[in-house]
Structure formats: C-alpha cells, structure tokens
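Below you'll find the structure, written out as structure tokens, and then a few comments.
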Ligand SMILES: *Cc1c(COP(=O)(O)O)cnc(C)c1O
C-alpha cells in the first residue's frame with residue numbers, strides 16, 4: 001500500500017467516499033485516488049513524491065499554472081492585512097471594475113463563493129426579474145449542485161450513474177426543462193409548450209462537463225434569438241469558459257450577448273470564488289437595491305479577491321496567453337488523434353480553445369447522447385495507463401483536459417509519448 005492508498009483508507013472513515021467532491025474519488029477508473037501534496041507550474045506531486053504533468057488544473061482555475069509567484073504574493077499581502085472582515089473592502093471594487101472592463105455586456109457584479117452559488121443566484125434573479133418560474137437547461141450541462149440544476153446534469157453527477165440526485169423534491173425538478181445541446185428544435189418545442197412561463201435558458205457556451213462539446217455554428221445565436229422572442233433571459237454559465245476562451249469569455253469568443261453571466265474557477269485564481277454579472281437594470285434587482293435576496297458571510301473575501309484580481313490582471317495584460325494555450329491544446333489534440341490512428345484505437349478528440357477531450361468512439365460527439373457512447377472501460381484503462389506514465393488526467397470521461405500557460409513544449413512531447421504508449425497498450 002502506498003501513501004495515497006493509506007490516506008484514502010483513512011479518509012474513507014471520516015469523509016463520505018474519502019473525498020469532499022465526488023469525482024475526486026476515482027470511482028469510474030477503478031483505483032484509489034492520488035492524494036496531492038503540492039503543485040508547481042504544470043505539475044502536481046502526490047503524497048508518495050511522484051510528479052505528474054497536470055491537465056486538471058484544479059478543474060480550470062490554474063490557467064497560469066500552479067503556485068504562480070505573483071498570485072502567491074498577492075495572497076500573502078492580503079492575508080497580512082486580515083483574513084476576513086464581513087465588511088466592504090476596496091479589493092472588491094478592484095476586481096469588479098476589472099471584470100467589467102474585460103467582459104462584454106456586464107455593468108455590475110455580485111461576488112459569491114462558488115460556481116454553484118453563482119448559478120443558483122443568477123437563476124433566482126432571472127426568475128425575479130421575469131416573474132416566471134421555469135428554466136431550460138441542456139442535458140449533460142452541469143451548473144453546480146443546487147436543487148433546480150441537478151436535473152440531467154453532467155460532470156460528477158454523470159459518472160455516479162445518478163444524473164438526478166436523491167433529495168431533490170420532484171416539485172422543484174418540474175420547473176427545470178431539459179433540451180438537447182446543439183439542437184435548437186428541442187428548445188423551440190419546450191418554449192412552445194411552456195409559453196410565457198420560461199424565465200431563462202441557461203447554457204454552458206462550450207459544454208465542458210460532458211467532456212468537451214463545442215456549440216455548432218448558429219446554436220448560441222439561435223438561443224439568443226429564441227430568448228428574445230420568448231421574453232426569456234439567456235444565462236451563459238461561464239464558470240469554465242469565463243476568462244478561458246478569451247479575456248471576455250464566450251460572449252467575446254462567439255460574439256453572442258448573454259443577459260446574465262456566471263463565473264467561478266478561474267476568477268478566484270485557486271481560491272473559492274464565484275460571481276454573477278449582468279446589466280445594471282437586472283443586477284440592481286438584487287438585494288439590497290432590489291427584491292431578489294442574496295447574501296454571503298464570506299462573499300468578497302479579501303484574500304480570495306486579491307488572488308482573483310491578480311490572475312485576471314495577468315490575463316488582461318497578456319492577450320497572447322490565449323493564443324499560446326489554444327496552440328498547446330491543438331498540438332495535444334492533433335498528437336492524440338494521430339496516436340490513436342496509429343494504434344488502431346477508435347477515438348474522437350474534441351478541442352476548442354484550451355479545452356479538449358478524447359472520446360473512445362468513432363462517431364462525432366456533438367451532444368450528450370453521443371458523449372455517452374464513448375467506451376468507458378477503454379477510458380478507464382487509458383486513464384490508468386497515462387497516470388502510470390506521469391500524466392494526471394481528470395478521472396472521468398465526462399471532464400475536460402485543461403491546458404494552461406505553464407504547459408511547455410516538453411510537457412506536450414512527454415504527454416504525447418505517454419499517449420502513444422498508452423493507446424498501443426489498449427489496442
Ligand atoms: C464547476 C462548474 C460549476 C460549479 O462550480 P462549483 O465552484 O464547483 O460550485 C457550475 N457550472 C459550471 C459550468 C462548472 O463547470
């Protein structure tokens with residue numbers, strides 16, 4: 001038994017499944033999870049002292065690599081001033097002003113502590129602002145674990161085999177309608193059947209919790225048009241895509257305007273932060289100016305704001321980072337396609353921006369049903385073979401590979417060498 005395995009045994013006695021978030025338990029890949037001791041740049045080092053090239057990046061936040069010296073310094077400086085006050089601070093204005101300067105169509109921001117909170121609150125705001133109750137989401141899109149969003153959700157809710165959680169009242173789930181990603185007709189049908197009842201359509205502009213599925217030409221702009229027609233709000237859940245696809249996120253990348261945008265992951269620079277944002281006329285409906293209640297004891301925490309502000313500042317000042325990470329992701333995707341072809345293993349690699357995901361299938365993956373057709377046993381074997389060769393991937397088929405600026409050309413070469421060997425082993 002190595003140290004990670006021993007820690008896992010200990011953890012399982014005091015934490016359900018040994019973890020504080022289900023996907024970390026490695027349930028779908030058939031081994032004990034690696035316990036991480038530390039991380040630097042593009043790598044993580046486990047409790048046994050083994051170092052891996054990391055494509056999880058804390059599920060997205062570490063776009064500039066682990067332990068970036070500027071962010072570390074910003075956190076230390078902020079911490080020296082005090083960890084939390086429960087009172088307004090200048091740092092909250094700094095990050096809000098910066099976000100508003102980077103992201104199109106937002107005029108005001110409310111900071112929260114996680115992506116889940118951000119979505120939950122944005123949905124409440126959409127309901128409050130429209131006076132309607134129903135929400136349309138897409139099968140396989142994940143929007144955190146609030147009750148109304150745990151309907152046909154992706155990510156960890158998928159591999160658990162229970163897309164709908166126990167404990168969510170049927171009456172609440174009834175307000176959540178599900179459409180098919182990349183299928184405007186499925187949205188049209190729901191809007192027609194629920195005329196004047198739909199408060200919002202919420203979408204991951206790139207679906208990154210069923211692997212990685214990009215929106216087809218016209219899908220997002222089609223949602224925009226359908227929302228306008230139906231008097232519903234369009235919510236872009238940019239917890240993954242925000243500050244990742246481009247400085248201004250998916251709205252900038254695809255040129256489609258959302259009414260409300262949710263953020264998480266990157267926005268905290270590794271600290272627990274989320275946010276929702278939109279135009280003034282909507283955001284002022286949030287308490288204390290408006291009737292939509294939302295609050296948080298630790299919201300806008302000064303240390304978290306300092307980390308987020310520092311990371312967003314660097315992304316804002318270095319537009320070339322976006323070209324760099326997209327190029328890296330392309331090289332990895334192309335290399336993996338070639339490796340699969342050479343090994344005779346059926347594989348489709350979806351890639352957009354710095355997000356990518358291999359599926360073990362030979363049919364294109366454009367929606368949730370197609371994502372589910374991937375051979376999950378093959379994925380598990382591939383995951384284990386890559387881990388053995390020093391490449392740390394998300395332990396589930398339905399998660400993205402996250403590329404960041406710290407991934408070097410040597411990391412790419414080592415990753416592709418590992419992939420060639422791993423795929424040859426699978427064939
Ligand atoms: C991760 C994620 C969330 C939930 O964020 P948490 O910080 O884990 O609560 C919501 N939406 C999307 C698109 C995500 O990827």
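Summary of computed values
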| item | result |
| --- | --- |
| Every pair of residues 6+ apart whose Cβ atoms lie under 6 Å, when the first sits in segment 188-209 and is free of Cβ contacts under 8 Å to residues at least 40 places away in the same chain while the second is away from the ligand (no atom under 16 Å from the Cβ) | none |
| Verdict on residue 258 being touching a residue at least 24 places away in the same chain (Cβ under 8 Å), within 16 Å of the ligand (Cβ to nearest atom) and surrounded by fewer than 24 Cβ atoms within 10 Å (Cβ to Cβ) | no |
| Total residues in segment 97-133, condition part of a helix (DSSP H, G or I) and buried (at least 21 other Cβ atoms within 10 Å of the Cβ) | 12 |
| Residue within segment 323-332 that is at pLDDT 95 or above and within 15 Å of the ligand (Cβ to nearest atom) present | no |
| Residues of segment 224-249 classified as within 11 Å of the ligand (Cβ to nearest atom) and outside any loop (DSSP other than H, G, I, E, B), total | 3 |
| All strands (runs of 3 or more DSSP E) inside segment 1-78 with 3 or more residues being surrounded by 17 or more Cβ atoms within 10 Å (Cβ to Cβ) | 43-46, 51-54 |
| Residue 361 under 20 Å from the mean Cα position of the chain (by Cα), surrounded by fewer than 23 Cβ atoms within 10 Å (Cβ to Cβ) and closer than 29 Å to residue 250 by Cβ | no |
| Residue that is surrounded by the fewest Cβ atoms within 10 Å (Cβ to Cβ) [pool: residues in segment 169-211 that are assigned to a loop (DSSP other than H, G, I, E, B) and within 16 Å of the ligand (Cβ to nearest atom)] | 206 |
| Search result, residues across segment 212-250 that are over 14 Å from the mean Cα position of the chain (by Cα), more than 20 Å from residue 277 (Cβ to Cβ) and surrounded by 19 or more Cβ atoms within 10 Å (Cβ to Cβ) | 215, 219, 222, 226, 230 |
| Any hit, segment 165-175, residues being at pLDDT below 95, within 23 Å of residue 226 (Cα to Cα) and touching a helix residue (DSSP H, G or I) at 6+ places or on another chain (Cβ under 7 Å) | yes |
| Only one of 346, 395, 358 that is modelled with pLDDT of 95 or more and touching a strand residue (DSSP E or B) at 6+ places or on another chain (Cβ under 7 Å) | 358 |
| Lone unmet requirement of (1) under 19 Å from residue 395 (Cα atoms); (2) at pLDDT below 85; (3) in a loop (DSSP other than H, G, I, E, B) for residue 157 | (3) |
| Verdict on residue 39 being within 16 Å of the ligand (Cβ to nearest atom) and touching a strand residue (DSSP E or B) at 6+ places or on another chain (Cβ under 6 Å) | no |
| Number of positions in segment 398-426 that are over 20 Å from the mean Cα position of the chain (by Cα) and not in a loop (DSSP other than H, G, I, E, B) | 18 |
| Filter pass, residue 315 being surrounded by fewer than 23 Cβ atoms within 10 Å (Cβ to Cβ), part of a helix (DSSP H, G or I), modelled with pLDDT of 95 or more and within 20 Å of the chain's Cα centre (by Cα) | yes |
| Total residues in segment 268-283, condition assigned to a loop (DSSP other than H, G, I, E, B), closer than 21 Å to residue 129 by Cα and touching a strand residue (DSSP E or B) at 6+ places or on another chain (Cβ under 7 Å) | 0 |
| All positions within segment 377-397 that are more than 20 Å from residue 355 (Cβ to Cβ) and in a helix (DSSP H, G or I) | 377, 378, 380, 381, 384, 385, 387, 388 |
| Filter result (within 15 Å of the ligand (Cβ to nearest atom) and under 21 Å from residue 196 (Cα atoms)) within segment 127-147 | 135, 137, 138 |
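Let's see how each residue does on (1) on the phi > 0 side of the Ramachandran plot; (2) without any contact (Cβ under 8 Å) to a residue 40 or more places away in the chain; (3) in contact with a helix residue (DSSP H, G or I) (Cβ under 6 Å, 6 or more places away or on another chain):
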residue: 334; (1), (2), (3): no, yes, no
residue: 359; (1), (2), (3): no, no, no
residue: 371; (1), (2), (3): no, no, no
residue: 381; (1), (2), (3): no, no, yes
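The values are calculated or read from the model by the stated rules, or taken from the named source; none is laboratory data. Remember, predicted model here, so these are calculated numbers, not experimental data. Using ideal geometry, Cβ is built from the backbone for each residue, glycine included, and neighbour counts are taken over all protein chains shown.
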